[in-house]
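Trainee: Pasting a structure below so you can have a look.
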Amino acid sequence: MMTTPNKTKSKYITAQDLYRFQLPTDCQISPDGNWVVYSLKRVDRKSEKKYTNLWVAPTSPGQPRQFTQGNHTDSSPRWSPDSQTIAFISGRDEENQSQIYLMPMQGGEAYKLSDLKGELGAFRWSPDGKKIVLQFRKTDAEELEREKDEDKKKLGVVARHIDRVFFKLDDEGYLPKERWHLWIIDAKTGKATQLTDHAIFDENFPAWSPDSKQIAFISNHAKDPDLDPDNFDLFTVAATGGTAKKMTTVPGPKFNPVYSPDGRWIAYAGADGKGTWWSNMRIFVVPVNGKEPARDLTGKFDVDASVETINDLPEGALTMPPVWSNDSQSLYFQISKHGNTHLAKISLDENAKLEPVIAGDGVVGVWTLDAAQEKLAYIWGDLYDPGQILVRKMETGRTRQLSKFNGWLHRLDLGSIEEKWIDGPGNN
């Protein structure tokens, strides 16, 4: 894409305008289809800190209302299966320590559910609404000891013992010694029980079975995962604990497993083979009974089953897990092609074709369906707008915009976009 000046507008964007952005980072439609909760990030000009609060908007005509308040970060809102409660992650009560909070949909005070010391990752309600599975990484023992001593706390880290190859990440710094593991939290009492544990393995992308009895997850169980970084496998484990079972899948990177509603299949996104992280992500399905190998549904199409669109404000442009149709016969998922990210659908039939659900010049970011799969909420952004919240009726395709973020951008000269193609070898 190339940008040329727009002579009908005289003002250009400046550094000071960056304080004005409001960025949607998540949106979740309630299971009953009546509401959308979304997280909205802003920048405080005085402190130059970023804060995120939650808002709710009706899917029928009506105005959004702010759901959480304050200068802190409330993120990852998730509806309870009965649409009555919103769980979210917040650091409102303790500096540098987030917890899971619950808040009734009709309003009231948010109350802290979890009481853990460490870093919280992805979490999901069980289908019966009784428990939450959480990806969690404990604070290192050395860090906990340092926090108890004021002198050591002021001095900070003076030495590190590095004993692994993969020890540091951009934007994160030095990695903790502790690994990501799965925990089960009782949705009423907040009691937390560790489900998985290993000194050198991370467990990622937890997903519940429809009967709330099993959890699927992705993990690399190589002898040394740092030396074999693409050796990911799909596992299942009982929600009450026990030995994890490895499923028969294609070697290579894997992400976002999800059970079919009938409990017979698990779908996931992944690449075909080790050392292929650079290739198109594909959608695979594998039978839970383990009697058949994983099957590639999208490899024959020249699309990437993930969000690969590059932009400067990527908060809401996340790759979501695929979603099964209620009859367990089809899957919805994002695809990236030619600079855009769309939503598509494919059936389990071997001769199935990709069916477009949402297309156009832009990016489908975070998206969710209601329980009846009659309404779809999603973040849509393009080259002139970093993101809006929309709701689409699945039967008619009729779409309604719920938000009006960053209207001031329309008064600026952001240039005109021209699409250019370059011929490569072999007329490609």
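Trainee: Assuming His342 fulfils every condition listed in (1) under 15 Å from Leu376 (Cβ atoms); (2) out of contact with any Gly (no Cβ under 9 Å at 6 or more places or on another chain) apart from one, which condition is it?
Mentor: (2)
Trainee: Out of everything in the stretch 316-337 that is of a type in the set (Gly, Ala, Ser) and surrounded by fewer than 20 Cβ atoms within 10 Å (Cβ to Cβ), what residue ends up being nearest to Thr52 (Cα to Cα)?
Mentor: Applying the filter and picking the extreme gives Ser325.
Trainee: Restricting the stretch 287-302 to residues that are within 23 Å of the chain's Cα centre (by Cα) and crowded, with 18+ Cβ neighbours inside 10 Å, which is nearest to Ser330 (Cα to Cα)?
Mentor: Filtering the stretch 287-302 for residues that are within 23 Å of the chain's Cα centre (by Cα) and crowded, with 18+ Cβ neighbours inside 10 Å, the one nearest to Ser330 (Cα to Cα) comes out as Leu297.
Trainee: Picking from Gln66, Gln84, which residue would you name as being within 21 Å of Pro386 (Cα to Cα), surrounded by fewer than 18 Cβ atoms within 10 Å (Cβ to Cβ) and modelled with pLDDT of 95 or more?
Mentor: The conditions single out Gln66.
Trainee: Quick check: anything in the stretch 338-355 crowded, with 20+ Cβ neighbours inside 10 Å and either assigned to a loop (DSSP other than H, G, I, E, B) or more than 20 Å from the chain's Cα centre (by Cα) (or both)?
Mentor: yes
Trainee: Something else about it: If the requirement is being among the polar types (S, T, N, Q), without any contact (Cβ under 8 Å) to a residue 40 or more places away in the chain and not in a strand (DSSP E or B), which of these qualifies: Thr196, Thr189? First the steps, then the outcome.
Mentor: Values: Thr196 fails: without any contact (Cβ under 8 Å) to a residue 40 or more places away in the chain.
Answer to the check: Thr189.
Trainee: Right, something else. Restricted to the stretch 336-358, and to residues that are hydrophobic (A, V, I, L, M, F, W, C) and either in contact with a Phe, Trp or Tyr (Cβ under 7 Å, 6 or more places away or on another chain) or free of Cβ contacts under 8 Å to residues at least 60 places away in the same chain (or both), which residue is farthest from Val286 (Cα to Cα)?
Mentor: Only one residue fits best here, namely Ile358.
Trainee: Within the stretch 387-426, how many residues turn out to be closer than 30 Å to Arg42 by Cα, in a loop (DSSP other than H, G, I, E, B) and either aliphatic (A, V, I, L, M) or in contact with a Cys (Cβ under 8 Å, 6 or more places away or on another chain) (or both)?
Mentor: 3
Trainee: If you don't mind, another one. Between a residue in the stretch 144-168 that is free of Cβ contacts under 8 Å to residues at least 24 places away in the same chain and any residue that is part of a loop (DSSP other than H, G, I, E, B) and surrounded by 10 or more Cβ atoms within 10 Å (Cβ to Cβ), which pairs come within a Cβ distance under 7 Å, given they are 6 or more apart or on different chains?
Mentor: If the second residue must be part of a loop (DSSP other than H, G, I, E, B) and surrounded by 10 or more Cβ atoms within 10 Å (Cβ to Cβ), the pairs left are Phe167/Leu175; Lys168/Leu175.
Trainee: While we're looking at this one, here's another question. I'm trying to understand the selection: among the residues of the stretch 264-280, which are crowded, with 16+ Cβ neighbours inside 10 Å and in contact with a Ser or Thr (Cβ under 9 Å, 6 or more places away or on another chain)? Walk me through how you get there before you give the answer.
Mentor: Taking the stretch 264-280 and keeping what is crowded, with 16+ Cβ neighbours inside 10 Å, we get 265-272, 276, 280.
Result: Trp265, Ile266, Ala267, Tyr268, Ala269, Gly270, Ala271, Asp272, Asn280.
Trainee: Is there any pair linking a residue in the stretch 97-108 that is under 12 Å from Lys188 (Cα atoms) to one that is among the polar types (S, T, N, Q), with Cβ under 7 Å and at least six apart or on different chains, and which?
Mentor: Hits for this filter: Tyr101/Ser90; Leu102/Thr85.
Trainee: Moving on. Has the stretch 403-422 got at least one residue that is in contact with a strand residue (DSSP E or B) (Cβ under 9 Å, 6 or more places away or on another chain), free of Cβ contacts under 8 Å to residues at least 40 places away in the same chain, β-branched (Val, Ile, Thr) and farther than 18 Å from Ser39 by Cβ?
Mentor: no
The values are calculated or read from the model by the stated rules, or taken from the named source; none is laboratory data. All figures in this text were calculated on a predicted structure; none of them were measured in a lab. Reconstructed Cβ throughout: ideal geometry from the backbone, glycine too, with neighbour counts over all protein chains shown.
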